[in-house]
Amino acid sequence: MTTGMRKQRTEYSSPLDALVAITKRLSLFESQRSMSSEEFFDRYSKGQLPDEADLIDWVNDYRHYLALKAALEKQLRHAA
């Protein structure tokens, strides 16, 4: 019998809701590993950290965070 992680897909009503949820998850990762997501991403990108499942989740969440943040900032610039 194999036990695998089952990915959940969560739908958010707005990009802002998604950003808030991802920020909360990033905060948990940061607390568990005692480093900022920015520092983690830099070290991970340089191959200084292993390819563990939770670290891969963290890197994916951080990439999603950056993309959402950029999209929201772009929308705000156009709205102003």
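The values are calculated or read from the model by the stated rules, or taken from the named source; none is laboratory data. Since the structure is predicted, the reported quantities are computational estimates derived from the model, not experimental observations. Virtual Cβ from ideal backbone geometry, glycine too; neighbours counted across all protein chains shown.
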I need the full set of residues from region 34-80 which are in contact (Cβ under 8 Å) with a residue 24 or more places away in the chain and in contact with a helix residue (DSSP H, G or I) (Cβ under 7 Å, 6 or more places away or on another chain), in order please. Ser37, Trp58, Asp61, Tyr62, His64, Tyr65, Leu68, Lys69, Ala71, Leu72
Quick test for you: out of Ser37, Ser31, pick the one residue that is among the hydroxyl-bearing types (Ser, Thr, Tyr) and loosely packed, with under 14 Cβ neighbours inside 10 Å. Ser31
Of the conditions (1) at pLDDT below 95; (2) not in a helix (DSSP H, G or I), Leu49 clears all except one; give me its number. (1)
